[in-house]
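The values are calculated or read from the model by the stated rules, or taken from the named source; none is laboratory data. Not measured: the values here are computed from a predicted model. Virtual Cβ from ideal backbone geometry, glycine too; neighbours counted across all protein chains shown.
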Amino acid sequence: MRALTFENVTVRFGSRRRGTVAVDDVSLVVPAGQVVGLVGESGSGKSTLARAAVGLAPLTAGRITPSARGRHVQMVFQDPYSALDPRMSIGESIAEAMPSVDRAEVARLLELVGLPADRARDRPHLLSGGQRQRVALARALAGNPEVIIADEITSALDVSIQGAVLNVVRELQRRMNLTMLFISHNLAVVRYVSDIVAVMREGKIVEYGPVDEVLGDPRHEYTRELLAAVPRPAH
Amino acid sequence: MAARGLRRAGPLGISALALLVLVIVLALVAPLIWQQRADAINAAEILRGPSGAHPAGTDLLGRDIFARVLVATRLSVGLALLATVLGVTAGLLVGATTAVLGRRAGRWIGTLINITVAFPNLLLALFFAVIFGVGAKGAVLAIGFATAPGFARITQTLASGVAGRDFIAAARIAGVGRFRILTRHVLPNIAEPLVVTATIAMGGAMLAFASLSFLGLGVQAPSYDWGRLLGEGLQQIYIHPAGALIPGLAVVLAAMAFNLSGEVVARAIGLRSTSTGTLGDPPPPAPSDPMPEADALLAVHNLQVSFPGVRPVRGVSLSLRRGEAVGIVGESGSGKSLTALAIARLIEPPGEVTADRLEFLGEDLRGDVSAHRRLLGTSLAMVFQDPMTSLNPVQRVGRQLAEVVRTHQRADRRTAWARAVDRLSAVRIADAAKRAGQLPHEFSGGMRQRAMIGMGVMANPALVIADEPTTALDVTVQKQVLQLLQNIRSAENVGLLFISHDVTVVGQVCERVLVMYAGRIVEDLPASALREHARHPYTRALVAAVPDMETDRNLPLAVIPGRPPDPRDLPVGCAFAARCPLATDRCREEDPPLDSLETGRRVACWHAEQTVPHLSLIKGEQS
């Protein structure tokens, strides 16, 4: 595993004059073996930053290492119902992401994300949303990536299932020492999985630091605003 | 599988398929049997009418027209098939390349397709017939290339729909090549609708071919197809009409066979995901606690919502007082949204709502909906999850708000508009007078949701039902919207029924929380008891499964093993038993009623008195 580095990354959609700048000169490091939680509201550019890292959004300026070419960076998406090809068995979906098909490895990956290996032949429609996200995670791991990007992977899940997926993510990350960029709009979820938090707003990173420091003693006004908006249960 | 398919196809489908089989068999065997008869020239029998020997009469050379029609099946169907295959292949190639090529090249080809689609098919066919020359070959090419643009367009549209999905992006990131993505992911996922379209195109090609031959641009003598026979027969139509009618009938029947079969296939595909069954189980017993309350704004007892084969809401009872905020929390499929829709009388057929009691402001809401339209329109407001689809995109926001009072209170246009502006400023939309004149897309998501709430309070409602009103919103906007609902409630003493999957939000907004599981309320408790003093194991697990800002990061989160039961196949006893750490044999056999525990608390659990010893008991690794 190695670090994921964004250096002065800008992503602009549309023409120079009339287009919009989704990511504005962002420099960000996800240190090797650590989880950086990226929080921000819709339209802040956090998903665009993630898509740029895997080559799904074109860079207008800047550099991202490792490069998107050559399976170094893999991604897990938000919607579990769109993440897997309904026509392929989940084993085939995982095998597709491998350099060469290896059944034993597919079985090992399924066990790794907490699914029985004999489910490799199942089509996605037999799986729950949470199980699909585990398969998507196994597929992301199949190419032996150096970095994993998780983009709102629990947002579409029911709360009772969200916990199980977060447990798998956390456990895998610790066991395999994964480098991970974990994107979510949910501060409590980000707090639970991340070592470092980055707060993004209007295409810029406004605050970055260890999770306890940023959430315990926020420096930027926007971070404070976000924290104040987190719903708190009645006591 | 085949038998079930036939049953689903219905009488129309069965006759379509039978017709199709007949056409194909005729195309294969007719020339072998009747060729000689069809070609036999008989100078003694020229232009005879229908008779026992010649069912459709004879033509100018005394040949049997019926035999000729039968024999012509092969050429007519064969040529149409050839043209369709040509058109479909060309269309598929062009349409699919747009998915494989880069964005810019794809756009150019897309434009080209759009232009060619704009030409009428027959015109295009005539044009090609002139270029490729008169004859069967020219006609096949002409009809083939005339079919292609439409097919290319459909392929392109379907492919771009699939191309936007995440599994394509995942395959790209994994380094799978473009061509492989096309063959492995895109084409298999669009194959079904394409097959249907191709079958229907086949019917179209038959007609087009008949037309071209009829006009003399298709098959040339001495060969003949139905179009040609029709043309020949038409010259003698006043002498004996059967000579024109029989080939015409053949064209119509064959084209119908293909078109209808296509539709049958389409319908079978469309139906495949849903299955209908019958409700075998008797209606569940009414909950024991009717909770009569004198000042109830809303009183619901034993509410059931059923759809063919499934009953997603199974006996919900609740009451709500003026100014009270009650939350319904549950996972997707728990029946919480359907409960809300049923109360607002918004369930459409085939959905069916029954209740022992359904009273709002003292009026019985059961029976004909139209009788309650005025009451529901003025006193009950509904706020939905998606503010974009709740507002009409082409109507000014102010006008949509004004419509509420214009319809229900017969207010004049100016008063209604003034009220709309007033309500928009009441929901804290800055510069409301100007904003009222704008269209929904000029509003941000949070503003749209506030406008929806503004619409809800146009006519002084007594109850606001909000179904996941903040789920699509950012946290900072969510905070504003929740605050707004709170203000309206306290300022105007409005009741609030708040539906959400988020335990934390419900706990913050509401005074009382109803927890739903598999179509029933399993616990009714004060919001303040949610975190520490819930009794139902499901409620406890739900609360423990959600991380908050104080969760210990070094411990795994609590997990509810298994998944919710299929509403079509509910277990006999408690629906939660299979996932419950406290479940005993009694739980698996008898469904616990929702019983009162103490004042203001109800729970449906045989083990409500027993506390869950360790939450870690319900940790598992299956979700």
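For beta carbons closer than 7 Å, sequence separation of 6+ or different chains, a first residue in the stretch B:464-479 that is within 8 Å of chain A (Cβ to nearest Cβ) and a second that is of a type in the set (Val, Ile, Thr) and in a loop (DSSP other than H, G, I, E, B), the qualifying pairs are B:VAL475/A:VAL230; B:GLN478/B:THR470.
Based on this model, can you work out whether A:GLY62 counts as surrounded by fewer than 23 Cβ atoms within 10 Å (Cβ to Cβ) and more than 18 Å from the chain's Cα centre (by Cα)? When the stated conditions are applied, A:GLY62 passes them. Only residues that are in contact (Cβ under 8 Å) with a residue 40 or more places away in the chain and in a loop (DSSP other than H, G, I, E, B): list them for the stretch B:587-605, please. Residues satisfying the conditions are B:ASP591, B:PRO593, B:LEU594, B:GLY600, B:ALA604, B:CYS605. The criterion of at least 1 residues that are modelled with pLDDT of 80 or more is met by the following helices (runs of 4 or more DSSP H) wholly inside the stretch B:329-411: B:336-343, B:373-379, B:397-408. With the condition kept exactly as written, say whether any residue in the stretch A:138-147 is outside any helix (DSSP H, G or I), under 24 Å from A:THR48 (Cβ atoms), acidic (Asp, Glu) and within 11 Å of another protein chain (Cβ to nearest Cβ). No; the residues of the stretch A:138-147 include none that is outside any helix (DSSP H, G or I), under 24 Å from A:THR48 (Cβ atoms), acidic (Asp, Glu) and within 11 Å of another protein chain (Cβ to nearest Cβ).
Have a look at B:VAL522, B:VAL505 and point out the one that is among the β-branched types (Val, Ile, Thr), closer than 30 Å to B:ALA575 by Cα, within 14 Å of chain A (Cβ to nearest Cβ) and touching a strand residue (DSSP E or B) at 6+ places or on another chain (Cβ under 7 Å).
None of the other options fit; the residue is B:VAL522.
Figure legend. Inter-residue proximity from the stretch B:84-102: first residues outside any helix (DSSP H, G or I), second residues surrounded by 16 or more Cβ atoms within 10 Å (Cβ to Cβ) and at pLDDT 80 or above, beta-carbon distance below 9 Å, spacing 6+ or different chains. Indicated pairs: B:LEU101/B:ILE109. Among the candidates B:PHE145, B:PHE151, B:PHE128, the residue that is of a type in the set (Phe, Trp, Tyr), surrounded by 15 or more Cβ atoms within 10 Å (Cβ to Cβ), within 16 Å of B:LEU92 (Cβ to Cβ) and in contact with a Phe, Trp or Tyr (Cβ under 7 Å, 6 or more places away or on another chain) is uniquely B:PHE145. Scanning the stretch A:69-79 for residues that are closer than 25 Å to A:ALA156 by Cβ and out of contact with any strand residue (DSSP E or B) (no Cβ under 8 Å at 6 or more places or on another chain) returns a single hit, A:ASP79. A single member of B:ASP64, B:ASP59, B:ASP39 is touching a residue at least 12 places away in the same chain (Cβ under 8 Å), more than 30 Å from B:ILE200 (Cβ to Cβ) and touching an Asp or Glu at 6+ places or on another chain (Cβ under 7 Å), and it is B:ASP59.
None of A:LEU84, A:LEU49 is outside any helix (DSSP H, G or I), crowded, with 16+ Cβ neighbours inside 10 Å and not β-branched (Val, Ile, Thr) except A:LEU84. In the stretch A:95-126, the residue that is nearest to the chain's Cα centre (by Cα) out of those that are among the hydrophobic types (A, V, I, L, M, F, W, C), surrounded by fewer than 20 Cβ atoms within 10 Å (Cβ to Cβ) and under 18 Å from B:PRO561 (Cα atoms) is A:LEU112.
Within the stretch A:70-81, the set of residues being surrounded by fewer than 23 Cβ atoms within 10 Å (Cβ to Cβ) and either in contact with a Leu (Cβ under 6 Å, 6 or more places away or on another chain) or charged (D, E, K, R) (or both) comprises A:ARG71, A:ASP79. For the stretch B:549-575, filtering for residues that are among the hydrophobic types (A, V, I, L, M, F, W, C) and within 14 Å of B:ARG311 (Cα to Cα) leaves 2. Filter the stretch B:324-357 for residues that are in contact with a helix residue (DSSP H, G or I) (Cβ under 9 Å, 6 or more places away or on another chain) and closer than 23 Å to B:SER596 by Cβ and give the result. Those that are in contact with a helix residue (DSSP H, G or I) (Cβ under 9 Å, 6 or more places away or on another chain) and closer than 23 Å to B:SER596 by Cβ: B:GLU324, B:ALA325, B:GLY327, B:ILE328, B:VAL329, B:GLY330, B:ALA355.
Please work out if B:GLY315 is assigned by TED's automatic domain parsing to the domain that holds B:ILE429, surrounded by fewer than 19 Cβ atoms within 10 Å (Cβ to Cβ) and not hydroxyl-bearing (Ser, Thr, Tyr). Spelling it out, it is not the case that B:GLY315 is assigned by TED's automatic domain parsing to the domain that holds B:ILE429, surrounded by fewer than 19 Cβ atoms within 10 Å (Cβ to Cβ) and not hydroxyl-bearing (Ser, Thr, Tyr).
With a cut-off of at least 1 residues that are more than 18 Å from the chain's Cα centre (by Cα), more than 13 Å from every other protein chain (Cβ to nearest Cβ) and at pLDDT 90 or above, name the helices (runs of 4 or more DSSP H) lying wholly within the stretch A:182-235.
The helices (runs of 4 or more DSSP H) meeting that bar are A:211-216.
Inspection of the stretch B:141-162 identifies no residue that is more than 20 Å from B:ILE113 (Cβ to Cβ) and in the same structural domain as B:THR111 (by TED's automatic domain parsing). With respect to (1) farther than 18 Å from A:GLY55 by Cβ; (2) outside any helix (DSSP H, G or I), the lone exception for A:GLY163 is condition (2). Listed conditions (1) touching a helix residue (DSSP H, G or I) at 6+ places or on another chain (Cβ under 6 Å); (2) at the interface with chain A (Cβ under 10 Å from one of its Cβ atoms); (3) surrounded by fewer than 22 Cβ atoms within 10 Å (Cβ to Cβ) are all met by B:ALA459, apart from (2). Here A:GLU171 meets the list (1) crowded, with 19+ Cβ neighbours inside 10 Å; (2) within 16 Å of the chain's Cα centre (by Cα); (3) in a helix (DSSP H, G or I) almost entirely, failing just condition (1). When the stretch B:558-586 is examined, which residues are found to be among the basic types (Lys, Arg), within 12 Å of chain A (Cβ to nearest Cβ) and assigned to a loop (DSSP other than H, G, I, E, B)? The answer is B:ARG563, and nothing else.
One line per residue, one yes/no per condition, for (1) more than 14 Å from every other protein chain (Cβ to nearest Cβ); (2) in contact with a strand residue (DSSP E or B) (Cβ under 7 Å, 6 or more places away or on another chain); (3) farther than 17 Å from B:LEU496 by Cα:
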site	(1), (2), (3)
B:SER332	no, no, yes
B:LYS336	no, yes, no
B:PRO349	yes, no, yes
B:VAL353	yes, yes, yes
B:ASP356	yes, yes, yes
B:GLU363	yes, no, yes
B:VAL369	yes, no, yes
B:ARG374	yes, no, yes
B:VAL383	yes, yes, no
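Within the stretch B:495-534, restricting attention to residues that are in contact with a helix residue (DSSP H, G or I) (Cβ under 6 Å, 6 or more places away or on another chain) and small (Gly, Ala, Ser), the residue that is nearest to B:ARG311 (Cα to Cα) is B:SER500. Within the stretch A:158-184, residues that are under 16 Å from B:ARG553 (Cβ atoms) have Cβ atoms under 9 Å from residues that are in a helix (DSSP H, G or I) and of a type in the set (Ser, Thr, Tyr) in these pairs: A:LEU166/A:TYR192; A:ARG170/A:TYR192, counting only partners at least 6 apart in sequence or on another chain.
Looking only at residues of the stretch B:217-242 that are surrounded by 19 or more Cβ atoms within 10 Å (Cβ to Cβ) and among the aliphatic types (A, V, I, L, M), we find that the one that is modelled with the lowest pLDDT is B:LEU217.
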